[in-house]
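Notes for the one structure printed next.
The values are calculated or read from the model by the stated rules, or taken from the named source; none is laboratory data. A quick note: this is a predicted structure, and the numbers were derived from the prediction, not measured. Glycine also receives a Cβ, built like all others from the backbone with ideal geometry; neighbour counts cover every protein chain displayed.
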Amino acid sequence: MLRITDILEKTQSYLSPVELEMIEKAYIFSASVHQGQIRLSGEPYLTHPMEVAGMLADMKMDAATIITGLLHDTVEDTLTTLKQIEDNFGKVVANLVDGLTKISKIRFSSQEERQAENFRKMILAMSSDMRILLIRLADRVHNMRTLEFQTPDRQHYIAQETLELYAPLANRLGINWMKTELEDLAFRHLDFDAYNDLAKRVAKKREKRERYTEEVKNIIKKELDNLGIQGEIEGRAKHFYSIYQKMQEQHINFDEVYDLTAFRIILDSDKEKDCYEALSAVHALWKPVPGRFKDYIAMPKANNYRSLHTTVIGPYGERVEIQIRTREMHEWAEEGIAAHWHYKEGYDHHGDDVEQIRKLRELLEVQQELDNPHEFMSNLKLALFPDEVYVFTPNGDVRAFPKGATPVDFAYSIHTDIGHQCIGAKVNRNIVPLKYLLKNGDTVEIITQAGHHPSKDWLKFVVTSKAISRIRSWVNAEERKKSIGLGKALLEKEFKKHHLKLNQLVKSEEIKGLYAEYSIKTSDDLLATVGYGRLSPKRVVNLFLPEDTVKKDDVSAQKTKKKIPVSSSLGISLTGIEDVLVRFAKCCEPIPGDAIIGYISRGRGVTIHTTGCPIIQELDPERLVTVEWAIKEKNAYPVHLRAVCRDHKGVLAEISSIISSFDVNISHAEIETNPDMQAICDFRIDVHDLTQFNQIVTSIKKLNGIISVERIRRVQ
Ligand code: MN
């Protein structure tokens, strides 16, 4: 078992005494809270965080990372709180532990490649700090090394998750040793027979292979020596999983896998041009296989891997795979991003590192300003996908959304009908508002009700184009439906006035004359155009009237403007066309019982004014329609009321209590005193109708000291 002294020994070369002390403190803390817990292997639980911290120390990680390695399971598996972690070890460590606790709750559930990629992105997005991911990977390596103590089901699940999520993440960060170890361990648990068979076959050929490896290495070494190129040559057996993958992909059996050994030339020089020189030396020795040369120095891989790859026909006519790179490139290839935490004595972080950092930055798409590479490293945010948020469906699938997405966006992403009928949502089993902003790792469930319709208001907060377009098209269809109804009612009344029948004339040639002018195609379009207020009913009916009638009508229209309301021949009732297409004017606040008149506003249906509203004098009389109340349900309508009284204490309270006694809501109240020492009390109240309003007025008038009570226009 790894001891704390081992970890301190690994780290004392590059960490300060204060940092070493903190590591020791974390060890004592972890040991005390995990006290008595046993791993399935029978060992004390503490062995696990110790191994993880040891691995991170080998990777030369900073103190916060190693401390977090020791503490990473405390919040999840013991009674320890984040607050305690923060109090004892500071904010940075608490933040790292918190991130790890959250990631450990993700349950990988799909074997579909696209889903796996979403899971990987989710883990990256949740690793707000790079180090979270590195600790998570070390945690996974140790759990995989001790996987045999789990039940077969768990073994399978963890191995599958490792192969699909964590090995690719290690690869993405460029940490080759982790990627290969995780793959081989996962392979062993997922298909023990195949793994075992392969391992035996590789072992059988071992002696022969080692002899062969030595021979090839010597030939290359001699050639490089002749050219004065210094370096090390490695010949290593490929890892099992990569051999297995090759057999699967190329449908070949083990004996057909020609290159079990990969050769690597690691140059002492740090110059790229020496790599190309070594390459030409190799190509001078053996004939290259066409199409197998890859220049990852000129064009590095996405994870910043740099190397030259070539395959040549070796001394026995066999194919030999050779990689050529500098030591620095090699370090990156093996350790990836982790290599950047290395403490290097006398190493100038401001010099050579800059180019490397630049590439890393591109790789991670980090926007952060780069003042000091070291500081950059220790604060590196893995903001790989800053504009996306990943959430779970109740089935455990992951879906990606733009940041700012809401449960309504989620609902529409599943199905248009789910979106339309969405009446509520649960996130992590709690009811949330439809405007709730989805967060990484949320599990979202949509509550629907058959027959429910989307609301125009949703357009104010949805962000996905699918939700926006579906809601908009529903609203448009609905408005059109209502416009057709309204247009038909308006036209029928106008036609009736002149003893004409709309039904017979709607498809006549006269009407079709209007089609081109208003881009109308069908008779429904015509009705909708009238309903939207783009075409006046009068204009349509005039098509069927003799010239002089039209003129007379124009004159009467002029008269109409003066004595409002007059266009009494048109009458529509306020039922059936409500909500989308009827709105009440804010200037005069009509309430049921008031004499009212409608105005067909362009594209917005009918606005209802009181007949006494001065605004109507300014409006186009052609577009005025008479409307009548047809209210069945009691709704509340806002209205303003002003009471003037002699100023005395409690007047506002007295008036309020009278209003409330009618069970009427007061949404606004204001009191002012005028120079005559009178109190002016303004209220905004919601009444059912004019009768109720008048009753309220009468009651207030009975109060002591009231001078006047009246309905007022909304203060503009
Ligand atoms: Mn762990």
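Annotations for the structure displayed:
- Residues that are assigned to a helix (DSSP H, G or I) and among the acidic types (Asp, Glu) were ranked within segment 126-149; the one that is nearest to the ligand (Cβ to nearest atom) is ASP139.
- Test for LYS246: is it out of contact with any strand residue (DSSP E or B) (no Cβ under 8 Å at 6 or more places or on another chain), under 15 Å from ARG319 (Cα atoms) and surrounded by 16 or more Cβ atoms within 10 Å (Cβ to Cβ): yes
- Qualifying residues in segment 39-82 (those that are over 31 Å from the mean Cα position of the chain (by Cα) and acidic (Asp, Glu)) - the one nearest to the ligand (Cβ to nearest atom): GLU51
- Per this entry, LEU96 is counted among residues that are touching a Lys or Arg at 6+ places or on another chain (Cβ under 7 Å), within 16 Å of the ligand (Cβ to nearest atom), on the phi < 0 side of the Ramachandran plot and of a type outside the set (Lys, Arg).
- Scanning segment 249-306 for residues that are hydrophobic (A, V, I, L, M, F, W, C) and surrounded by fewer than 11 Cβ atoms within 10 Å (Cβ to Cβ), we see that the one that is farthest from GLY317 (Cα to Cα) is ALA302.
- Residue within segment 300-308 that is at pLDDT 90 or above, of a type outside the set (Lys, Arg) and in contact with a Ser or Thr (Cβ under 6 Å, 6 or more places away or on another chain) present: no
- In the set ARG188, ARG211, only one residue is over 20 Å from THR162 (Cα atoms), in a helix (DSSP H, G or I) and either free of Cβ contacts under 8 Å to residues at least 60 places away in the same chain or of a type in the set (A, V, I, L, M, F, W, C) (or both); that residue is ARG211.
Every residue, every condition in (1) in a helix (DSSP H, G or I); (2) surrounded by fewer than 16 Cβ atoms within 10 Å (Cβ to Cβ); (3) over 48 Å from the mean Cα position of the chain (by Cα); (4) not hydrophobic (A, V, I, L, M, F, W, C), yes or no:
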| residue | (1), (2), (3), (4) |
| --- | --- |
| PHE495 | yes, no, yes, no |
| GLU510 | yes, yes, yes, yes |
| THR529 | yes, no, no, yes |
| GLY533 | no, no, no, yes |
| LYS538 | yes, no, yes, yes |
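- Single unsatisfied condition, LYS649 versus (1) modelled with pLDDT under 80; (2) over 30 Å from ASN704 (Cα atoms); (3) exposed (fewer than 12 other Cβ atoms within 10 Å of the Cβ): (2)
- In segment 574-593 there is no residue that is part of a helix (DSSP H, G or I), touching a helix residue (DSSP H, G or I) at 6+ places or on another chain (Cβ under 9 Å) and either modelled with pLDDT under 80 or among the β-branched types (Val, Ile, Thr) (or both).
- In segment 23-38, residue farthest from ILE132 (Cα to Cα) [restricted to those that are surrounded by fewer than 17 Cβ atoms within 10 Å (Cβ to Cβ) and more than 13 Å from the ligand (Cβ to nearest atom)]: GLY36
- Here is the figure for segment 517-533: residues that are over 11 Å from LEU486 (Cα atoms) and touching a Lys or Arg at 6+ places or on another chain (Cβ under 7 Å) total 2.
- Qualifying position, being touching a strand residue (DSSP E or B) at 6+ places or on another chain (Cβ under 8 Å), among the β-branched types (Val, Ile, Thr) and modelled with pLDDT under 50, among VAL389, VAL354, VAL366, VAL398: VAL366
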